[in-house]
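Student: Next up is a structure, given as structure tokens.
Taken together, the values in this text are just the output of simple stated rules run on the coordinates, not laboratory data. This one's a predicted model, so the numbers in the text were calculated from it and none came from an experiment. Heads up, the Cβs are rebuilt from the backbone with ideal geometry, glycines too, and the neighbour counts pull from every protein chain shown.
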Amino acid sequence: MTSLASVTLEVADPMAAERFRTAAFGVGPRVLFRLSQAPTTGFRGFSLSITVAQPADVDGFVRSALDAGATPLQPAEKSLWGYGAVVQAPDGTIWKIATSSKKNTGPASREIGALVLLLGVEDVKASKRFYVEQGLTVAKSLGGKYVEFAAGESGPVQLALYKRRGLAKILGVPEDGTGSHRIVLGGTGEPFTDPDGFVWEAAPVTSAAA
């Protein structure tokens, strides 16, 4: 059985990426960086999603991300499911900040409810079967459009699957992309590569709390 313990982003400047992460989101050692010059263009097939308690928290994280150099992709706004925004970090990583609440219930905070890795895959049902075989438990499944794995078993970083085209639409970017995903998933089980080319390695050992 495996679980998702960390995410390593492959970037051109790891120190700059780490400064952005700290200033914008402060998600700690769940998101790591390492140097890579692997060719990549367009949509890399994934997004990191931060869930928070209320709209004021979304606005606060968006402000800090923009102040740290992020580019807005989707403005903060209400939707059928809640309230959220999408930004792109200087290293190219797309971050979604969202809440299921449409009203504020108190002062804004920097507390993160969950960090979720959203993978865009070609065949959601096939990828779902693959990950179940690796030991993950499905918490929610919407046919061939979306799968969410149980939080307790996917570790400090939750894992969810979207149809690639659907995820790109949510993020506000074209679905086309070539080259490296520029991401490595740190798992607690044996290394493997999933059907869409996302690589899992042994999770690095960190002394800091997640």
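Yes/no matrix, rows are residues, columns are (1) more than 14 Å from Leu115 (Cα to Cα); (2) crowded, with 20+ Cβ neighbours inside 10 Å:
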| position | (1), (2) |
| --- | --- |
| Tyr131 | yes, yes |
| Ala139 | yes, no |
| Leu142 | yes, no |
| Ala151 | no, no |
| Leu159 | no, yes |
| Arg164 | yes, yes |
| Ala168 | yes, yes |
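Student: Also, quick follow-up: Which condition breaks for Ser64 when tested against (1) among the polar types (S, T, N, Q); (2) outside any loop (DSSP other than H, G, I, E, B); (3) over 26 Å from His181 (Cα atoms)?
Tutor: The number of the failed condition is (3).
Student: Now for a separate question. Count, please, the residues in the range 100-129 that happen to be farther than 20 Å from Pro55 by Cβ and of a type outside the set (S, T, N, Q).
Tutor: Counting residues in the range 100-129 that are farther than 20 Å from Pro55 by Cβ and of a type outside the set (S, T, N, Q) gives 12.
Student: Moving to a separate point now. Please count how many residues of the range 89-140 are among the small types (Gly, Ala, Ser), more than 17 Å from Gly177 (Cβ to Cβ), touching a residue at least 60 places away in the same chain (Cβ under 8 Å) and outside any helix (DSSP H, G or I).
Tutor: Qualifying residue count for the region: 3.
Student: Collect the residues in the range 1-60 that are within 24 Å of Lys102 (Cβ to Cβ) and free of Cβ contacts under 8 Å to residues at least 12 places away in the same chain, keeping them in residue-number order.
Tutor: Of everything in the range 1-60, nothing turns out to be within 24 Å of Lys102 (Cβ to Cβ) and free of Cβ contacts under 8 Å to residues at least 12 places away in the same chain.
Student: Also: Considering Ser79, Ser100, which residue is out of contact with any helix residue (DSSP H, G or I) (no Cβ under 8 Å at 6 or more places or on another chain), closer than 18 Å to Val173 by Cβ and not basic (Lys, Arg)?
Tutor: Ser79
Student: Which residues, taken from the range 13-40, are loosely packed, with under 14 Cβ neighbours inside 10 Å and over 25 Å from Asp57 (Cβ atoms)?
Tutor: Matches in the range 13-40: Asp13, Met15, Arg34, Leu35, Gln37, Ala38, Pro39.
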